[in-house]
Amino acid sequence: MAENLVEGGRHMSATAKPVEGSLEWDDLDKTKLIACMPLFGLAVRVPVYPPQLIKTRIQTGLIAEQSLLTAARHIVRTEGLSGLWRGFGVSLFGLATGPVYITALESSKKALRALNATHRVVPDDSAAIAMAAGAIGSIAGQTVAVPMDVVSQRLQVAAVASTANAAGGPPPAA
């Protein structure tokens, strides 16, 4: 079996031919990638957001319903259809998470491979490089995602919490 080597950030076989099916960061059209990732993320978020909002409301105790369907009916009846998307606008900033993550992951992987090529800390293309790059990518992505999720969840419960407080209901979630 041919041993895989890394030459200039590209996977190569021992005979210096690209490994079949190998796709590297430098092979991609980054403009298309960065433009398409948020579009695909939006296609996922639109149908997933209402159940997420309902789950958040049930977990905070702001609505008594325990099933998704009865909770959805309650929200539509009391707040209108737009109530199912409360906080959705803020959550759209989270669409930047994918491009931030993949850019940080691939850039750090390339930098770590170059650093390793000069200092030989770990074997070429080892799992350690991939894990370190993954950690850097995750930190960068979560730095964007977590604050947006917190604001979005607060908006999901804010109007209902203030109404419940006025009516002597449960206190708002912290």
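The values are calculated or read from the model by the stated rules, or taken from the named source; none is laboratory data. Everything numeric here is computed off the predicted structure, so don't read it as measured data. Counting neighbours? That spans all protein chains shown, and the Cβs are built from the backbone with ideal geometry, glycine included. We work out accessible area using only protein heavy atoms, side chains counted, and drop any ligands, DNA or RNA first. Shrake-Rupley method; radii C 1.70, N 1.55, O 1.52, S 1.80 Å.
Could you tell me whether any residue of the stretch 115-134 is among the aliphatic types (A, V, I, L, M) and within 30 Å of residue 89 (Cβ to Cβ)? Among the residues of the stretch 115-134, not one is among the aliphatic types (A, V, I, L, M) and within 30 Å of residue 89 (Cβ to Cβ), which makes the answer no.
Filtering the stretch 64-121 down to residues that are closer than 16 Å to residue 52 by Cα and among the charged types (D, E, K, R), which residue is least open to solvent (accessible area, probe 1.4 Å)? Among them, the one singled out is 65.
If the condition is being at pLDDT 80 or above, acidic (Asp, Glu) and not in a helix (DSSP H, G or I), then the stretch 25-70 contributes only 29.
Scanning the stretch 131-151 for residues that are exposed (fewer than 14 other Cβ atoms within 10 Å of the Cβ) and not β-branched (Val, Ile, Thr), we see that the one that is nearest to the chain's Cα centre (by Cα) is 147.
Among the residues of the stretch 20-42, those that are aliphatic (A, V, I, L, M) and either without any contact (Cβ under 8 Å) to a residue 24 or more places away in the chain or open to solvent by 80 Å² or more (accessible area, probe 1.4 Å) (or both) comprise 23, 28, 35, 39. If I go through the stretch 64-84 residue by residue, how many of them are of a type outside the set (Asp, Glu) and more than 18 Å from residue 46 (Cβ to Cβ)? Residues in the stretch 64-84 being of a type outside the set (Asp, Glu) and more than 18 Å from residue 46 (Cβ to Cβ): 10 in total. Filtering the stretch 43-95 to residues that are among the hydrophobic types (A, V, I, L, M, F, W, C), farther than 19 Å from residue 145 by Cβ and touching a residue at least 60 places away in the same chain (Cβ under 8 Å) leaves 62, 63.
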